[in-house]
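What follows is calculated from the coordinates using simple rules that are stated; it is not laboratory data. Computed from a predicted model, the values in this text were never measured in an experiment. Here the Cβ positions follow ideal geometry from the backbone for every residue, glycine too, while neighbour counts run over all protein chains shown.
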Amino acid sequence: MPFKGERVVFLGSGAPESEASVFIFGAPFDGTTSFCPGTRFGPNKIREASIGIETYSPALDRSLDELAICDLGDLELPFGDVTEVLRRIEEGMRSALASGALPVLFGGEHLITLPAVRAASGFFRDLAVLQFDAHADLRDDYLGLRESHATVMRRCGEILGHDSIFQVGIRSGTREEFAFGRELSGCFIQDVLEGARRAAERLRGRPVYLTVDIDVVDPGFGPGTGTPEPGGCSSAELLEALRELDGLNVVAMDIVEVNPMVDVGFATSILAAKVAREGILMFTKGRGGAGGR
C-alpha cells in the first residue's frame, strides 16, 4: 500500500517494519463529515501530541520502549472518491493483519472503521466490534448515503451480525437508532464503566475490533472533535473504562474523530495519544513479535 512519508512518528515507534509487533497507520479522511470538517488532520496531530506524554504507563507498569512499534505513516487517500478511499483502507488493514502485528489506525472520521472491520472479518471468525462513542451511528442512510460516519455501525452489523456490535457511551441518535440498538445490538449502554465491564464479560474469548470515537468524552475534556455531544464521560473515566478490557483479545483498534481544527491547544489530540498508548500496552500482553497472535 502507498503511504505518505511522515516527518513525525508516534511516540516510541522507531522499529523497522520487518520487526514490528505493532503497526500504526493513519487514514486522513473526512469526506462524509456532517458538522465540522477537519478530522483528516487528526492522525498527524495525534503523533505530534504524543511527544508530550511518556512511553511508560504507571497504571499498566509497561512501556512502549519494550515493544517493536512501527509507524507506517498515513495512507494516500484520494479526495472525492469514497469508494476508493474505503478500498485502500481495507487493503491497508488487511496487510497489517496479515503480518500478525497489532494494527492501530488513526482517523479521520468514523467511516474509516467500516473497511477496517471488513478486513478483520476475513481473518477472525466470530469477530465482535466494541465501540466507545457518543453517537449510535446506526442510521440506515444519512442524506441518502448508506456509507457515512452516521451509518458506520449499521454497516458493520450487516457484516458481523448486529448482536456482535457492542456500543458504549451512546447518548445521541434518532429514536429509531436507539430502538434498533437496544433491541438488536449485543450491548447498548450509555455509562462507559458499566458498559465496558458488561462488554468485557460477554466478549471473553472472542476476537474484538475496538473503535474509540473521541467524542465519547464530554466536550469539556475533548473539544477537538467534529460532532461534539455534551453529557459525556471524563477523560479519566474513559481511560478507566479501557482498563476494564484487560484480558480481551483485541485484534485491531482505531481512534477516530479527532479534529485539530476545533481543538483547544492539544487537549483532544493528547488524550487520543494516551488512549493509543494504553491500548497498545494493554492489548499486546502475551503477544509475540512479528507474526505473533
Q: Pull up the DSSP beta bridges for the chain and report the antiparallel fraction as a percent, rounded to 5.
A: 15 percent
**Q.** Computed [θ] at 222 nm, deg cm²/dmol, the chain (DSSP H ≥ 4; -39,500 (n - 2.57); rounded to nearest 500)
**A.** -9500 deg cm²/dmol
(Q) Nothing charged except the Cβ atoms of Lys and Arg (+1) and of Asp and Glu (-1): what's the magnitude of the dipole of the chain about its Cα centre? Round to the nearest 20 debye. (A) 580 debye
Q: Can you figure out the FRET efficiency of Q190 with E158, using R₀ = 25 Å and their beta-carbon distance, to the nearest 0.05?
A: 0.55
Q: Take the Cβ-Cβ distance between E17 and L60 as r, set R0 to 30 Å, and report the resulting FRET efficiency rounded to the nearest 0.05.
A: 0.75
Q) How big, in percent, is the set of alpha carbon pairs in the range 117-220 lying more than 21 Å apart? A) 28 percent
**Q.** For the range 30-75, with +1 on Lys and Arg beta carbons and -1 on Asp and Glu, the positive-most of N44, S57, I69 along the dipole
**A.** N44
(Q) I want the local charge near D141. Using Cβ-Cβ distances under 14 Å, sum +1 for each Lys or Arg and -1 for each Asp or Glu among the other residues. (A) -2
Q.
With viscosity set to 1.002 mPa s at 20 °C, what whole-number translational diffusion coefficient in µm²/s follows for the range 17-283 from Stokes-Einstein and a Kirkwood radius over Cα pairs?
A. 120 µm²/s
Q.
Tell me the relative contact order for the range 151-287 as a rounded percent, counting alpha carbon contacts under 8 Å between residues six or more apart.
A. 23 percent
Q) Roughly how many whole Å is it from the C-alpha centroid of the range 27-82 to that of the range 115-182? A) 22 Å
Q: Would you mind counting up the charge near P58? Only other residues with Cβ under 13 Å from its Cβ, with Lys and Arg at +1 and Asp and Glu at -1.
A: +1
Q: Find out how many positive minus negative residues lie around R154, taking Lys and Arg as positive, Asp and Glu as negative, among other residues whose Cβ is under 12 Å from that of R154.
A: -4
Q: Please report, largest first and rounded to whole Å, the three semi-axes of the ellipsoid equivalent to the range 1-85, where each semi-axis is the square root of five times an eigenvalue of the C-alpha gyration tensor.
A: 27, 16, 10
Q) If you place +1 on the Cβ of every Lys and Arg and -1 on the Cβ of every Asp and Glu, how big does the dipole about the Cα centre of the range 52-182 come out, in debye to the nearest 20? A) 460 debye
Q) Considering the dipole of the chain built from charges on the beta carbon (Lys and Arg +1, Asp and Glu -1) around the Cα centre, which of V250, V8, F123 is farthest to its positive end? A) F123
Q: Starting with the fewest neighbours, write out R204, R198, R125 ranked by other beta-carbon atoms found within 10 Å of each beta-carbon.
A: R125, R204, R198
